[in-house]
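Below: one structure, written as structure tokens.
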Amino acid sequence: MSVEVFFLVLLSAAMHAAWNSLTKVNIRPYLALAALNIIAGLFASFALAFVGLPHGGWLIPAIAASALRQCYYLLMAKAYQGGDLSQVYPVARGTAPVLTTILAIPLLGDHMSITSVVALCLIMVGVTVVGLARSASSVATSFTPLVLALAAGATISCYTMLDAWGSRASSSAISYGLVGATLDGLIFLAIYSVFLRKELPDSYITENALQLVAGSLFVIASYVISVWAVTVAPVALVSALRESNIFFGLVIAVTILKEGLNRSKIIAALQY
């Protein structure tokens with residue numbers, strides 16, 4: 001992986017953590033996800049008008065990956081209802097690169113060095129520490145978000161593999177990424193029209209317009225960078241590096257969302 005790719009993936013990780021944090025502010029998480037992705041879909045479709053659709057065998061993986069992302073969003077939104085960002089986010093995102101590596105070796109022919117395998121083992125240790133670190137008064141309160149976050153991590157791994165397949169099969173990874181963001185926006189728009197229209201107050205859009213626009217641009221940029229990166233580097237390596245967003249998420253959770261920080265969370269974040 002070149003230095004340029006390294007820093008772009010790192011930037012993608014920071015943007016992903018930033019827009020994720022917006023789902024914990026002022027509104028039910030899934031409603032915020034819907035608003036962010038609908039706006040992102042509008043921007044992405046506008047960009048596609050200039051960039052054009054990609055060629056190649058990208059359609060099936062793009063649709064399948066978009067559908068799985070909806071499962072991920074539902075799991076994360078549910079987990080956020082009972083768990084802190086600093087608990088849920090590291091577990092979900094930290095599980096994904098380990099599972100992705102296991103799948104990428106036989107399915108995509110990607111390989112990892114011994115050092116990388118050891119690093120991934122440390123990630124799993126970090127997942128366990130963070131998941132158990134949250135101080136909760138009951139076991140149910142603590143472990144239900146953990147289980148949901150683990151399921152979300154498995155979902156991330158699956159759609160990451162599909163995106164790697166689709167972006168490598170397409171003529172343009174950037175166009176593929178814009179298609180994915182557009183599909184996500186269309187699905188969320190359909191869900192909003194049928195189920196959420198009465199639940200999303202108009203005041204939320206007007207009062208948080210700047211954050212929503214910035215967040216939606218982060219949604220697009222972080223996704224496009226990630227699907228481009230897997231065309232020039234092994235997907236397992238990109239996935240593992242992108243999970244540095246765990247550290248950015250922890251910083252945001254503590255400094256902006258004012259969530260509690262303890263020694264276990266710091267150690268686990270540093271392991272990533």
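The values are calculated or read from the model by the stated rules, or taken from the named source; none is laboratory data. What you see is a predicted model; the values in this text were computed from it and never measured. No Cβ is skipped: glycine too gets one built from the backbone with ideal geometry, and neighbour counts run over all protein chains shown. Note: accessible area is taken over every heavy atom of the protein model, side chains too, but ligands, DNA and RNA are not part of it. Shrake-Rupley method; radii C 1.70, N 1.55, O 1.52, S 1.80 Å.
Surface composition of the range 26-103: carbon plus sulfur atoms hold 76% of the accessible area, using a 1.4 angstrom probe and ignoring ligands, DNA and RNA.
Phi angles across the range 8-23 convert, under the Karplus curve 6.51 cos²θ - 1.76 cosθ + 1.60 with θ = phi - 60°, into 3J(HN,Hα) values of 5, 5, 4, 4, 4, 5, 5, 5, 5, 5, 5, 6, 5, 5, 5, 6 Hz, Gly and Pro given as x.
Here the extension length gained between GLU199 and ILE63 equals 46.3 nm, from 0.36 nm per residue of separation less the Cα-Cα distance. Protein-only accessible surface at a 1.4 angstrom probe places the residues HIS111, HIS16 in the order HIS111, HIS16, largest first.
When each of the peptides 2-10, 179-187 is scored by the mean number of other C-beta atoms lying within 10 Å of its residues, the order from highest to lowest reads 179-187, 2-10. Surface calculation, 1.4 Å probe, protein heavy atoms: ASP110 sits at approximately 20 Å² accessible.
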